[in-house]
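Read the structure below first, then the notes.
The values are calculated or read from the model by the stated rules, or taken from the named source; none is laboratory data. Quantities reported herein were computed from a predicted structural model and do not represent experimental measurements. Please note: Cβ atoms are built from the backbone with ideal geometry, for glycine as well, and neighbour counts cover all protein chains shown.
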Amino acid sequence: MSVPPLQLTFVMSGTRLSDLPDSPVEVAFVGRSNVGKSSLINAVANRKQLARVSKTPGRTQLINLFTLPNGATVVDLPGYGFAAVPTREKAKWGPMIESYLLGREALVVLLLLVDGEIGPTKLDLQMLNWVQENEIPYLIVATKADKVRPSKLAGRQQQVARACMLEERDVFWASASKGTGIDRLRGHLLDLLKV
Ligand code: GDP
């Protein structure tokens, strides 16, 4: 059964928690640069260019906020570990994301993206560890599922779940290019974002 796309509209970009408008309920996406975050947000919304706003030079390191018709919000957090970002920008990432994750009352789930083709990196696991320590509700989404050969998929699914210390069924596998797993993710997000 196909699930309707999330009707996301870009609202604003900010650098800190206090910039963000109030929200009744919010989910946020985070992941290493190049993990496929923009593609996934676009796939969930069935829009080609939506998350492009987050890619506009100067906005890459900002918190970008989208809204649904019911007032619920979706946040695209800056990607971590981006080599081209100057050190002084990198130094800002930690405090910015930490204050958002620790202080955003509306946040119901953080979607932590890992690259399904390569599995969780050291940086991903550090992020996951921090999220767990701070008791932030999260969901692991493995991206680029289409890049894993079908014969390798079951093994890879087991490996990613183990590395994240989760049951296999608790990792969402998705392919933004092929659309695999997008309905399941949409359905889950729509449930979370009910107001
Ligand atoms: P971001 O930096 O995390 O926002 O990542 P992007 O969405 O820009 O994707 C990074 C690269 O991975 C781009 O070249 C995308 O085309 C590619 N990519 C993203 N999602 C998928 C996917 O599901 N399958 C495949 N094969 N490539 C993907």
Original post:
Which of the residues belonging to region 134-148 are more than 14 Å from ALA174 (Cα to Cα) and in a loop (DSSP other than H, G, I, E, B)?
Top reply: ASN134, GLU135, ILE136, PRO137
Original post:
Which of the residues that make up region 154-172 are closer than 17 Å to LEU111 by Cβ, in a helix (DSSP H, G or I) and free of Cβ contacts under 8 Å to residues at least 40 places away in the same chain?
Top reply: ALA161, ARG169, ASP170
**OP:** Count, please, the residues in region 157-195 that happen to be more than 16 Å from the chain's Cα centre (by Cα), more than 16 Å from the ligand (Cβ to nearest atom) and either surrounded by fewer than 17 Cβ atoms within 10 Å (Cβ to Cβ) or at pLDDT below 95 (or both).
**Re:** 12
Subject >> Hits in region 72-116 (condition: surrounded by 13 or more Cβ atoms within 10 Å (Cβ to Cβ), modelled with pLDDT of 95 or more and part of a loop (DSSP other than H, G, I, E, B)) >> reply: ALA72, ARG104, ALA106, GLY116
Original post:
Of all the residues that make up region 17-44, how many are away from the ligand (no atom under 13 Å from the Cβ), surrounded by 15 or more Cβ atoms within 10 Å (Cβ to Cβ) and in a helix (DSSP H, G or I)?
Top reply: 1
